[in-house]
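One structure is given here, and the rest of the page talks about it.
The values are calculated or read from the model by the stated rules, or taken from the named source; none is laboratory data. These figures come from a predicted structure and were not determined experimentally. Ideal geometry is used to build each Cβ from the backbone, glycine not excepted, and the neighbour counts take in all protein chains shown.
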Amino acid sequence: MNSISKSSNNSLGVVPSWWRRLLQFFQQLFSRPVSGFGTAITLVFLIVALISPLIAPYGANEIIVADARQPPSNEHWFGTDNLGRDVYSRVLLGSREVLVLAGFGTLFAVLFGTLFGLMTGYQGGWFDEITMRIFDSLLAIPALLLALLLLGTIANSKYSVLLVIVVIYTPIVARVVRSVVLAVKPQGFIETARLGGESRTRILLREILPSVIPTLSVESALRFSYAIFLVASLGFLGVGVQPPSPNWGLMVKEARAYVTLIPWALFFPAAAISLVVIGVNLMADGVKRLMSPDQID
Amino acid sequence: MAYRQGNDWLQAVRDVSFHINAGETYGLVGESGSGKTTLVLAVLRYLGSKGSIISGDIYLGDQSMRALDDQELRQMWGKQVALVPQNPQSSLNPSIRVGEQVAEIFRYQNKLSEPDAKLQTLEWFQKVRLPDPERVATSYPHQISGGMQQRVLIAMALSISPSLLVLDEPTTNLDVTIQAVILDLIDELISEQNMAVLYVTHNLGVISRYCDRVGVMYASELVEEAHPKELFSEPLHPYTQGLLDSIPQFGETKDRIRLQPILGQIPAIGQGPSGCIFRPRCPVAIEVCTNRPSLFPAGGNRLSRCHRWQEIALDDISVQQTPPSIERQQKGMAEGRSETLELENVSISFPLQRSLNDFLRGKPRKGVQAVNKVDLVIPSGTTLGLVGESGSGKTTIARSIMGLQSIRAGVIKLHKVSIPDQLSRRDLETLRQLQIVFQNPQEALNPHLTVGETLRRPFIRLLGLPRSEADAKVIDLLEAVHLTAAYANRYPGELSGGEIQRVALARGIASRPDLLILDEPISSLDVSVQAAILNLVNELQRDIQNSILFISHNLAVIGYLADQIAVIYVGTLMEIARQSDLFQPPHHPYTEALISAIPQIDPQTSHLPIHLDGEMPDPVNIPTGCPFHTRCPRFIGEICANTAPRWQIDPRTEKRIFCHIPLEDLLSSQAQSTSDGTGLE
Amino acid sequence: MAFLALTVLLTSLLVFLVTQWLPGDVCRIVLSREAGPAAIENCRQELGLDQSLPVQYINWLRDFISGDWGTSYSTNLPIFPMVIDRLRNSLILALVTLVISVPVAVILGVIAGLNANKPVDTVISVGSLAVVGLPEFVTGLVLIWLFSFGLRDLGLPYLPANSSIPPEATFFDTLPMLILPALTAMLVLLAYIARLTRAGVLTELHQPYVRTADLKGLPRRIVVVNHVLRNALLPTITVIAISIAWLISGLVVIENVFNYPGLGRMMIFAIDRRDMPLLQAVTMVTVLCVALANLGADLLYSILNPKIRFH
């Protein structure tokens, strides 16, 4: 909006219009090699997840018995697995599973978590106490365990996994948001808004939320990475997924028995998981550095 | 020792040269952005990776400091150079006991054994007058007060008998009464050793009292150097003159004098103008000023970096602008005026968490008594100044008036009608009439909203105007605080501290409140900017005729601005008087100490400050009887410790004093000591 | 501390609700479809399912505390000894991992922090960043491939890929089987702890009290060790507590990869067979371990941090 001129007496950042800021943000992410690399990988995978049905040469469950257990070749770039399925296609289509599940799970967890965090942080009182107690007890159980516990008792489907992700990560996001709200609340401009008779909703959305967004972005990126991690691990353990789903973790599990014969059937899905997770982590780290430029790094 | 340097990348310090002789105290004065902090770090050779000396050198005796390598540097630090830093709390390691942090020096530098080092430590603790040195030595930093922490750091610095002592704003964050004690302590200890002292501060009064020579820095350059007496009575640089004009002195009030702020702003680092660095803000700049002036010798050891210094010296040109006269307004203490705000017998306390032990034993909750039975009246259209040090409860009172703090007892009345103490129970009309400007400019405005968006809220919400009308009003509002309409589209991140406070002030008066509370609004601003804000406050009050509650720890500023003044100590009011009467005896003993603790610039009226013993009481354990009795220099006996005083009213001036000592006694002994020029000692 | 007890209690309630209430009528599931209503009613009485939910909870809680953990649905063996046995195995693995990785990680983190932005730091930082996100099974499989198959193919002595421990094995027999699983766990822990230690060190280095220490003329070494590290390592305790929590859940996967007979494998076992009592027991034991670890960390922290210890 205006030229970025900082005067010597002040050190608040400049905040131009939001979409330009978003663009600027991505620009900055790409400017550093490490985070740029991570963001690039993440974006590639996300795109792949979207268009995979279009580019996968074979179906996920298309069995070509004759070609079973073939090493990588021109026809099957990643080889075929034990049953004769094209590994390349399965990896591509599996990205949908993992990323979409993890993506939406994170999205909802962030939404709910932010909602709770804003309300408990601002209101305080018994609502805060009770909600936080409940969340604390959820947090007392490590994520994977909680996921196993929940999935062990409810139906074994993709939607339950989604639900589980939301249930597990909402408390953490809520906690993080809440602590930011608590830090921002005593600041002068918030109190002035209250004294100006502003409604609670307006204060939460216009005065407090913008200050929450930087931390939230970092947290969301982290949660996304953990969610992918979780979905893959669950797949590996055989929980929450039904064969013949192209879940990468499941693929690794299935391929394990035949690893000496068809190592590529294990390698590629494992590599895919690793690459995505590293990419998202690097991106998350980049986001973190951007959001707190005054951090000593 | 001599210094001369420029600093890296962004020019933080440009071509500064001066020298300090052994046994001499050299004061360095400057506002933010003057480069004095960088200079201090450079002198200590502690710039780190962020800065470096690009040219020039620093000499300690004959030794060039630039030439030292890491090993030698540490030697020098340990034996020859010492620093008393600005913020004592963060300068002490929070995980090591205080005594150990000092004994460490003796073990490493003097190679003393452990028990000997301990003894030395305790000796030094006694020298800096720490109460109960043994206990302090075994304490951790967070267990002792700010004043005590600073004494520890002073002990650390002086114990190595340095040839150079650097003091970087050593008392800025301390209470005024403690400041006086520490400054005198430093002075005393310095005179025992023959060291060169570099005293960096923005407080001109301190310079006047303790320094032999003064250098004035502005925006990375040294602009004047002189003996304090000469500097303050006859400055030879427009900036120095401007500084002096913008600070309220005792005796000046808003009715008689308008403060002269220096127009414009301090340039950002590295963005100074070509030619004379003060040119854009100088009232007497001329053609030749586009050439950078050098430091001209100005007779008798003086230096001035102004082309026109001779003209200034001969009074041919006057840098001082004659303040416009202002029609005096009659102010009586509540004569026939309606009261805007009344606090009747208000007490506020904060409950503390009970420890598990106490809970099990059925002990009641302890509370912090923040405010105790306060009665205040603010007549309409007047300004009440509330002055107190840390922990006095002044901010708590402000917050309770605004509805942000609930009260335990008492009534708050607005226009004679009592209002609920909780914000949520007040109606919009009440909100409209009460507004506040907070202390910290960095947090005052929402960084994600433009100035215009922030300013139109009161119009829309409190006055119920539609957005288009509100926007028009915003432009008027900006004008009223002397900001152009262009500011409406700017974000707080683009504004300077002074500009932010103006916007905050604008927002405060937007709804035309009947009472505007200002809580230390200028404490975080540069001196030259403070004056502008003070003027603005007055101007606005003349237009809107609102009442003001002005809270500050700075008695000089309050003396300038307020019609009535209330002095508060640890939650209890000690004295209430008209501005014209407060500075004359009889005083409450606390007021007396406060007044004497403020370092004066004008050497003619300087007097010895009264030293108060001890520390500010812990709010959990407020002394019985008169809360001030533990430190009162005029303590008269058991009655002070056991019985709460009563209010005495001086018939002549309607001054109210909360003390056991009869007014006539106070009057006679205080009038005498003023004429003696001695303090209470 | 009361706080923690409350949280554990609430968690137990959660576990109970999830395992007892959510899955629906256990009896109907366990008994075959043809079982008549009388048989089902019998079963319910036996299992105490005919009583109201709160009562069931209290009974369950009481039983749990007294050590009566019932019988596993799937194996019909008493749960308590099974779980304790597995617990012991998992604890051994966890301990080995912690004892090695914590000191190494802290040292790496400190080195990285003290040499910030120099090559050694970049290597450590980027390396840990990459590893920290990898799922344990990936790391585990890579390690197997490298140190088990790889070494074997090269004709060198290799580590077992499979760590099922026969019941009569002595401690030394088990040792080689611990190596790979422990290594897997260590890698991730290492990365996590190192990163946070580094951040802590960096923060402290820039504090004013470091300047004070320097200006006393103390040698750099002393400044770092006596002053900086003392404060920088304090948050590490909290980090370690968090890592323990992670470790416990990570072990589930790791034990699975290596077929290690620990609590984690038992959990999957229970889930696969929908063995509720077993699942309950395993979960509660795990939760208790996490809670104890957190408690220990909190206590340690409050002792070491003078600001908390002295009011």
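Of note:
- Single residue of segment C:34-58 satisfying the filter (surrounded by 10 or more Cβ atoms within 10 Å (Cβ to Cβ) and charged (D, E, K, R)) that is modelled with the highest pLDDT: C:Glu41
- Looking only at residues in segment B:490-499 that are facing chain A (nearest Cβ under 7 Å) and without any contact (Cβ under 8 Å) to a residue 60 or more places away in the chain, the one that is farthest from the chain's Cα centre (by Cα) is B:Arg490.
- Qualifying positions in segment B:162-216 - closer than 16 Å to B:Ile601 by Cα and in contact with a Pro (Cβ under 6 Å, 6 or more places away or on another chain): B:Ala180, B:Gly205, B:Val206, B:Ile207, B:Ser208, B:Arg209, B:Cys211, B:Val214
- Qualifying position, being without any contact (Cβ under 8 Å) to a residue 24 or more places away in the chain and in a helix (DSSP H, G or I), among A:Ser274, A:Ser225, A:Ser220, A:Ser211: A:Ser274
- Residue check, A:Gly235 within 11 Å of another protein chain (Cβ to nearest Cβ), touching a helix residue (DSSP H, G or I) at 6+ places or on another chain (Cβ under 8 Å), buried (at least 20 other Cβ atoms within 10 Å of the Cβ) and over 29 Å from A:Leu145 (Cβ atoms): no
- Considered as a group, the residues in segment A:256-271 that are under 19 Å from C:Val253 (Cβ atoms) and at the interface with chain C (Cβ under 10 Å from one of its Cβ atoms) include one that is modelled with the lowest pLDDT, and that residue is A:Val259.
- C:Leu180 assigned by TED's automatic domain parsing to the domain that holds C:Ser302 and over 25 Å from B:Ala42 (Cβ atoms): yes
Condition check ((1) more than 28 Å from C:Ser101 (Cβ to Cβ); (2) facing chain B (nearest Cβ under 9 Å)) across all residues:
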site: C:Ile193; (1), (2): no, no
site: C:Leu196; (1), (2): no, no
site: C:Ala199; (1), (2): no, no
site: C:Tyr209; (1), (2): yes, yes
site: C:Arg221; (1), (2): no, no
site: C:Val224; (1), (2): no, no
site: C:Arg230; (1), (2): no, yes
site: C:Ile237; (1), (2): no, no
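- Flag for B:Arg74 being among the basic types (Lys, Arg) and more than 9 Å from every other protein chain (Cβ to nearest Cβ): no
- Count - residues of segment B:300-349 that are at pLDDT 80 or above and closer than 25 Å to B:Asp421 by Cβ: 9
- Among residues of segment B:83-93, those that are within 7 Å of another protein chain (Cβ to nearest Cβ) and in contact with a helix residue (DSSP H, G or I) (Cβ under 6 Å, 6 or more places away or on another chain), counted: 6
- Within segment C:224-288, helices (runs of 4 or more DSSP H) holding 2 or more residues that are among the small types (Gly, Ala, Ser) and either surrounded by fewer than 24 Cβ atoms within 10 Å (Cβ to Cβ) or at pLDDT 80 or above (or both): C:234-258, C:263-272
- Looking only at segment B:98-126, and only at residues there that are closer than 25 Å to B:Thr172 by Cα and in contact with a helix residue (DSSP H, G or I) (Cβ under 7 Å, 6 or more places away or on another chain), the one that is nearest to the other protein chains (Cβ to nearest Cβ): B:Val102
- Within the option set B:Pro141, B:Pro133, B:Pro170, being over 25 Å from B:Tyr210 (Cα atoms), in contact (Cβ under 8 Å) with a residue 40 or more places away in the chain and not hydrophobic (A, V, I, L, M, F, W, C) holds for one residue only, B:Pro141.
- With respect to the stated conditions, B:Ile661 is buried (at least 19 other Cβ atoms within 10 Å of the Cβ), over 23 Å from B:Gly385 (Cβ atoms) and not assigned by TED's automatic domain parsing to the domain that holds B:Leu384.
- Residue within segment B:523-534 that is under 28 Å from B:Lys413 (Cα atoms), in a helix (DSSP H, G or I) and outside the structural domain of B:Asn203 (by TED's automatic domain parsing) present: yes
- Residues of segment A:31-59 classified as under 22 Å from A:Ser274 (Cβ atoms) and of a type outside the set (A, V, I, L, M), total: 10
- No other residue among B:Val13, B:Val29 is buried (at least 23 other Cβ atoms within 10 Å of the Cβ) and modelled with pLDDT of 80 or more apart from B:Val29.
- In segment C:102-146, the residues that are surrounded by 21 or more Cβ atoms within 10 Å (Cβ to Cβ), assigned to a helix (DSSP H, G or I) and of a type outside the set (Val, Ile, Thr): C:Ala105, C:Leu108, C:Gly109, C:Ala112, C:Gly113, C:Ser125, C:Ser128, C:Glu136, C:Phe137, C:Gly140, C:Leu141, C:Leu143
- Residue satisfying condition, being within 26 Å of the chain's Cα centre (by Cα), free of Cβ contacts under 8 Å to residues at least 24 places away in the same chain, within 14 Å of chain C (Cβ to nearest Cβ) and surrounded by fewer than 23 Cβ atoms within 10 Å (Cβ to Cβ), within set B:Leu68, B:Leu41: B:Leu41
- Of all residues in segment B:458-490, those that are modelled with pLDDT of 90 or more and within 23 Å of A:Val212 (Cβ to Cβ) total 0.
- Residue ID - farthest from the other protein chains (Cβ to nearest Cβ), chosen from residues in segment A:184-203 that are in contact with a Lys or Arg (Cβ under 9 Å, 6 or more places away or on another chain) and outside any helix (DSSP H, G or I): A:Ser199
- When residues in segment B:403-438 are screened for being assigned to a loop (DSSP other than H, G, I, E, B), in contact with a Ser or Thr (Cβ under 9 Å, 6 or more places away or on another chain) and surrounded by fewer than 19 Cβ atoms within 10 Å (Cβ to Cβ), 6 of them pass.
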